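A quick write-up on the structure given underneath.
The values are calculated or read from the model by the stated rules, or taken from the named source; none is laboratory data. No experiment lies behind these values; they were computed from the predicted model shown. Note that we place each Cβ from the backbone using ideal geometry, even for glycine, and neighbour counts take in every protein chain shown. These accessible areas exclude ligands, DNA and RNA; they are computed on the full protein's heavy atoms, side chains included. Shrake-Rupley method; radii C 1.70, N 1.55, O 1.52, S 1.80 Å.
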Amino acid sequence: MGAKATVKGAGAPRAADASAAGNTRARGDRWREAALVLAVLAAALCLFYYQVLFLGRTILPVQAPGVMGTAPPYGFPGQIRTDTFHPDLGASAWQMEPWALKVGRAYAAGHFPLWNETQGFGAPFLANALSGGLDVLRLPLLMSGSPLVWDGYYLARVFLGALAAYLCARALRLNVAAGLALALAYVCSGHFVMFENNFWLEAYFLLPVILLGTELVLAGRARLGFAVTAVAVALDLLVGMPEVTLLVFLFCGAYGGYRLLLLVRRGDRRAWWGPARTLAGAWVVGVALAAPLLLPLFEFTAQASQSAGGRAHLGQTYEPLRNLTVWFMPFLTDALLNPPITTIVTTYVGATVVVLALYGLYPARTRLYRTLVPFAALAAALLFAKTFGVPGINAVGRLPGLNVTWIQKWGAPIATFCLALLAAAGVHRLATEKPHRVAATAALGGFGALAALGLWLNRAGVAGVSAAHLWATAGVACGCAVAVWAIALFGPRRPAAWRGFACCGVLLLELFLYGQHAVYQDRYDRLTPAPYVAFLQGAQADGGPSRIYAMDGLLWPNTAAAYDIDDIRSLDSLYSNRYLTYVRDFVAPGVVDRFLGVTWASNEGPTRLRGNPWFDLAGARYVVTPPDSGAALRGPAASNLNGAILAAAGTMTPNIGAQSWTIDGVTKPVLFAHPPATIRYPLTVTSERPVL
């Protein structure tokens, strides 16, 4: 007995040493994995944004109309490059950038950005949601509005979004290569590259974070999962894009319900009741954390313009089937860069993702397959059915909330995430299981059928393109599809990690080839003030509260807000109903949902300037217009105001205008009013009153 005790006592240290050694190896593996993943994601970022990182270019839409109207920014030294790749340059230029400056100034002054006094007749600011007054992810932009900080924000957002997708994949028990495939396929897809200058991408990048929190709860890490889910839900709401948040929440909620349903099938009430209660509590807490934004938003919505009612048809719109080709051969026709006004094509995933997704669909009995593939496949099928107007499914667009949502536009990134999940499942199987040649060949055949269908549906447009263009579009797609098939078929007939990483390489190469990288402008502050801006600021400071009205895109809404200049125009997500009613009745007939001061950018009629007392009543003290405008008053001070002439509103006569005045050798621009030298007055001398 003593000998046995001695043996046991001697073995205990060896067991402890083995356990410690195992923990050390596990920590070492985790550090190596972290280093590999961070290096790959950083390399992908450098590849896609090499011009921004190394050549002094910027993601900011420098060429968007603003301070100088449609001309380049004041003092811009470079040449504007043609950019047809980014379809919505104005959303960030006219709202996000000037609003970030206003929000930052409000916080610097020690108060919340509750009211925007510079747009229209004044409007709720925090309550419009889009201003980002509580979006902590935009904190760097509120501290500094320099172009370098903006580019850093954009790039950091992409990197963190990719990292979130990777962590979500690992929580789903996908291997390293599959996690990288999900991250790269998601953040490098068309919507995130084409709309990279816009703020709503944050809401999509938070989608995998919500799924990560869900998986943590289901894995038994309730406290961490609760915190991750609640914070991600709150941050998604604080982004301020209700349409995107609605679709993201519907997807994430459906995923949580599906995962809980799998637990219910076990028959053990305790297996699902605890996670269900935790997840429900996390969602409630997340919504509560966003209450400082949601409550003002709901109040403003109830009192805002009812013009949104005219958009209730959006949920019923859908794409023509021929645009399905855009998803895997994006530039085969001009449907992506020049879409018809009736369609919204906003993304692509590439042929590599499609082939890998088809391979991942091949049935299996593994836990990973049951957890991931059926839900992702069903969600993708429903989203595509709605996008292309399948009868019955398209009727979902009549539901409240969805009826005012462009589902084919805002749902496209979620469909991309579903396809990326299926592709990641395919990569995982190639790297961890014996390659299935029949499944690989079937996946290639399925892609070939989709490609043939796309070419046939777009035969009219394809007939007019050159052979070189076909090779650069359909050729690249087919080449990448064949490359994935070759990776699956050739090589050893055993699991090999290199297959997964090779698929990631093909995926990244294809998406890089589809991106247009020569469209970025030289880095420059597009809000650089012109001299006339200082004149307006001084006039407003000296003359008391007043407003301006600018024409031909000068100080394009809401650029004036960046300089704290009050502008009668406004471009916002919500308007006070009285504001639009006033403008429509007295200032610019035809206004429906915005007042921009130009007829070529909206459906408004010409603004009534001459002899309009209502324009004066609105407090419009100056009209700012280019010197070549027919409505402008030409004067000697035009050059001093750098190409913009200021005139008094409501008193448009040839004798009143912006000129210069010199006193004691000091010349300053002034609003000059002088009576004419000769007055002509018709007079009839009558016999009853023959005396003047």
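What relative contact order, as a whole-number percentage, does the chain give when Cα pairs under 8 Å and 6 or more residues apart are counted? This gives 17 percent for the chain. The residues packed around residue 324, meaning those with a beta-carbon under 15 Å from its beta-carbon, carry a net charge of +2 if Lys and Arg are +1 and Asp and Glu are -1.
If you sort 625, 686 by accessible surface, 1.4 Å probe, largest first, the order is 686, 625. Here's the list of aspartates and glutamates a cross-link from residue 386 could span, going by alpha-carbon distance under 14 Å and ignoring same-chain residues fewer than 8 apart: 319.
For segment 588-604, 3J(HN,Hα) computed residue by residue from phi via the Karplus equation (6.51, -1.76, 1.60; θ = phi - 60°) reads 9, x, x, 4, 10, 10, 6, 10, 10, x, 9, 7, 7, 10, 7, 9, 6 Hz, glycine and proline entered as x. For segment 446-499, trypsin sites (Lys or Arg not before Pro) meeting the loop criterion (DSSP other than H, G, I, E, B) and having at most 16 other Cβ atoms within 10 Å: 493. Amide hydrogen proximity for residue 620: with H placed 1.01 Å from N in the peptide plane, the residues at 5 or more positions away or on another chain lying under 5 Å are 547.
Where does the charge balance sit around residue 189 when Lys and Arg score +1, Asp and Glu -1, over other residues with C-beta under 12 Å from its C-beta?
Details: positive: none; negative: 196, 510.
Spelling it out: positives minus negatives among the neighbours equals -2.
For segment 516-571, the relative contact order works out to 33 percent when only alpha carbon pairs closer than 8 Å and six or more residues apart are counted.
With distances taken between every two different alpha-carbon atoms, segment 489-529 has a Kirkwood hydrodynamic radius of 14.1 Å. A straight line joining the Cα centroids of segment 391-458 and segment 52-77 runs 37 Å. In the chain, the portion of solvent-accessible area held by carbon and sulfur atoms comes to 65 percent [1.4 Å probe, whole percent, DNA, RNA and ligands not counted].
Taken about its Cα centre, the chain carries a charge dipole of about 3300 debye when Lys and Arg each add +1 at the Cβ and Asp and Glu each add -1 at the Cβ. Put simply, the amide H of residue 115, placed in the peptide plane, has neighbours under 5 Å in 125, 126, leaving out anything fewer than 5 places away on its chain. Helical runs (DSSP H, four residues minimum) scored at -39500 (n - 2.57) apiece and divided by the length of the chain put the mean residue ellipticity at 222 nm at -16000 deg cm²/dmol. Summing Lys and Arg as +1 and Asp and Glu as -1 over all other residues whose Cβ lies under 13 Å from the Cβ of residue 248 gives a net charge of -3.
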